[in-house]
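The values are calculated or read from the model by the stated rules, or taken from the named source; none is laboratory data. Keep in mind it's a predicted model, so treat the numbers as computed, not measured. A quick note on method: Cβ atoms are made from the backbone with ideal geometry, for glycine too, and the neighbour counts reach across all protein chains shown. Calculation scope for accessible area: heavy atoms of the full protein, side chains included, ligands and nucleic acids excluded. Shrake-Rupley method; radii C 1.70, N 1.55, O 1.52, S 1.80 Å.
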Amino acid sequence: MARARVHPHELPASLRDAGLTNWIREPLDDAVDRRRRIIMPPAAAVMGTPMSGHQGALLAEARHPDTVFMMGDNPALPTMPERPALKDFFLLRFGRIPRTHLLQSARVARENGLDEKVITACLLHDIAIAGLLTANHGYWGAQLVRPYVDEEVAWAIEKHEALRYFPDESVGYRYPQAYIDYFGADYSPPDYLRREHEAARRHRWYMTSRLVTINDIYSFDPDVVVDFDEFEDVVGRNFRQPAEGLGFDGSPVAHMWRTMIWPNNFL
């Protein structure tokens, strides 16, 4: 006999007060095992917030009958193919906003007649925001794709992290209005980003990364639809997709792709 769903008001006050009720997923109507699944929020997501003390309450909830921690496929997410390619992550894991942002940026770069390295970098520059982590996303993104792209592309993705904060009027790049809206007019980048910017300005690939910031769509049009298929040819020539599938090729970053396949695993 299927167990009754647990309504939010029936959960312990410690979970309700901490805002953790959404991390406990009742079984979907078509679930086979009919068990509740608890998603443990990653420390990076809750550190410094009222939710940071969540572990005890969720661990206690997991001791209830027919309740387990989330492991493997989350029924709420589309199932990834056995050997996932880059396109599968774009379509099955990335949210609409970051996916649209990446595709529109790549289209603008192509329409501006830029070479395929720049187009590829624009297509991938915020891949970490789309599927992994937002903080330090240029570094995470570069690491994520480095085994599969030209080193110049990975370098451009990494260095756009710093370059986007610093104008270069000589090539038409101004500090984005969006950053004033996001961070406030008085925001000042930390010293390490200033050092990164200064070093990048002296590098032979500076303009590759600067072109990422120039073609970055800071306020994209939600009504403009760009299909990933528009860039299948560019990806085919510039992204070395492993036969085993991203996440299963034994590369130093395979675990990062697996994290996006199973983002809610407890361990």
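Things worth noting here:
- Residues located in region 191-214, provided they are surrounded by 12 or more Cβ atoms within 10 Å (Cβ to Cβ) and of a type in the set (F, W, Y): W205, Y206
- Filter pass, V235 being in a helix (DSSP H, G or I) and aliphatic (A, V, I, L, M): yes
- Test: residue in region 40-53 that is open to solvent by 70 Å² or more (accessible area, probe 1.4 Å), at pLDDT below 95 and touching a Lys or Arg at 6+ places or on another chain (Cβ under 9 Å): no
- Taking the criterion of being under 14 Å from Y218 (Cα atoms) and open to solvent by 10 Å² or more (accessible area, probe 1.4 Å), the residues of region 108-134 that qualify are V108, D126, I129.
- Residue list for region 79-105, restricted to those being assigned to a loop (DSSP other than H, G, I, E, B) and either touching a Phe, Trp or Tyr at 6+ places or on another chain (Cβ under 6 Å) or under 17 Å from A254 (Cα atoms) (or both): M80, P81, E82, R83, P84, A85, R93
- Those residues of region 106-126 which are outside any loop (DSSP other than H, G, I, E, B) and either over 16 Å from the mean Cα position of the chain (by Cα) or on the phi > 0 side of the Ramachandran plot (or both), in sequence order: A106, R107, V108, A109, R110, E111, E116, K117, V118, I119, T120
- Subset of region 159-189 [without any contact (Cβ under 8 Å) to a residue 40 or more places away in the chain and either among the aliphatic types (A, V, I, L, M) or part of a helix (DSSP H, G or I) (or both)]: E161, A162, E169, S170, Y179, I180, D181, Y182, F183, A185
- Of the candidates S209, S251, the single residue that is within 22 Å of S105 (Cβ to Cβ) and of a type in the set (S, T, N, Q) is S209.
- Applying the criterion of being aliphatic (A, V, I, L, M) and open to solvent by 10 Å² or more (accessible area, probe 1.4 Å) to the residues of region 223-260, the residue that is farthest from A62 (Cα to Cα) is V224.
- Selection status of P176, at pLDDT below 95, surrounded by 15 or more Cβ atoms within 10 Å (Cβ to Cβ) and not polar (S, T, N, Q): yes
- Near pairs, Cβ below 6 angstrom, 6+ apart or cross-chain, from region 73-99 (on the phi < 0 side of the Ramachandran plot and open to solvent by less than 60 Å² (accessible area, probe 1.4 Å)) to any residue that is of a type in the set (F, W, Y) and assigned to a loop (DSSP other than H, G, I, E, B): L86/F239
- Any hit, region 140-152, residues being under 23 Å from M47 (Cβ atoms) and open to solvent by 60 Å² or more (accessible area, probe 1.4 Å): yes
- Filtered by the rule that a residue be assigned to a loop (DSSP other than H, G, I, E, B) and among the β-branched types (V, I, T), region 127-153 gives T134, V149.
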